[in-house]
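Taken together, the values in this text are just the output of simple stated rules run on the coordinates, not laboratory data. Owing to the predicted nature of the structure, the values given are computational and were not obtained by experimental measurement. Ideal geometry is used to build each Cβ from the backbone, glycine not excepted, and the neighbour counts take in all protein chains shown.
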Amino acid sequence: MYPELMVIPMREELVRAGISETRTADEVDAAVKQPGTTLVVVNSICGCAAGKMRPGVRLALSNTANQPDRKITVFAGQDREATERARGYFEGNPPTSPAIAIMRDGKLVYLMQRFVIEQSTAQQIAGELIRAFDEFCAKTTA
């Protein structure tokens with residue numbers, strides 16, 4: 001684990017974007033098990049999280065009307081219990097960090113893993129997330 005002082009700015013970057021930190025398994029469960037959609041961001045200290053994933057997430061959230069009902073983050077390598085619990089919801093997918101998921105009613109409906117993040121720019125990540133928000137998080141009116 002890295003010293004907490006080193007990761008504070010990386011944590012705060014997502015918190016400033018309106019994403020709640022979850023640092024325990026119970027906090028992850030409380031968010032994911034609620035009805036509706038939950039964005040789950042697996043944060044990381046790596047360069048692709050810093051230069052691509054976090055900026056892409058921030059850009060997407062600031063450029064779409066279709067927002068997940070809840071937005072949470074776990075920090076891989078720091079908050080292990082919370083990270084393991086979040087990854088437990090990504091059934092059948094290998095654990096990666098960073099990663100970005102959308103859950104609906106506790107079920108995985110979308111997952112962007114590290115290999116996609118590494119090959120994309122922040123703008124491409126934002127565009128793909130906006131598309132996913134439009135598909136999975138749009139509110140329907142009756």
### Query
Looking at (1) of a type outside the set (D, E); (2) in contact with a Ser or Thr (Cβ under 9 Å, 6 or more places away or on another chain); (3) within 19 Å of E13 (Cβ to Cβ), which is the one condition that is false for R85?
(3)
### Message
Return the residues of segment 14-40 that are closer than 27 Å to Q123 by Cβ, without any contact (Cβ under 8 Å) to a residue 60 or more places away in the chain and in contact with a strand residue (DSSP E or B) (Cβ under 7 Å, 6 or more places away or on another chain); say none if nothing qualifies.
### Response
L14, V15, G18, I19, S20, E21
#### Entry: Residue that is surrounded by the most Cβ atoms within 10 Å (Cβ to Cβ) [pool: residues in segment 127-142 that are touching a residue at least 40 places away in the same chain (Cβ under 8 Å) and in a loop (DSSP other than H, G, I, E, B)]
C137
### Query
helices (runs of 4 or more DSSP H) wholly in segment 16-109 with at least 3 residues that are among the aliphatic types (A, V, I, L, M) - which ones?
25-32, 54-61
### Query
Under the condition of being in contact with a helix residue (DSSP H, G or I) (Cβ under 8 Å, 6 or more places away or on another chain) and over 15 Å from L14 (Cα atoms), which residue from segment 39-66 is surrounded by the most Cβ atoms within 10 Å (Cβ to Cβ)?
T64
### Task
Could you grab me the full set of residues in segment 17-38 that are in contact with a helix residue (DSSP H, G or I) (Cβ under 8 Å, 6 or more places away or on another chain) and either buried (at least 18 other Cβ atoms within 10 Å of the Cβ) or among the basic types (K, R) (or both)?
A17, I19, T22, R23, A25, E27, V28, V32, T37, T38
### Summary
For segment 110-126 the number of residues that are without any contact (Cβ under 8 Å) to a residue 60 or more places away in the chain and either part of a helix (DSSP H, G or I) or touching a Phe, Trp or Tyr at 6+ places or on another chain (Cβ under 7 Å) (or both) is 4
### Message
Of all residues being surrounded by fewer than 13 Cβ atoms within 10 Å (Cβ to Cβ) and assigned to a helix (DSSP H, G or I) in segment 1-14, which is farthest from the chain's Cα centre (by Cα)? Just the residue, please.
### Response
L5
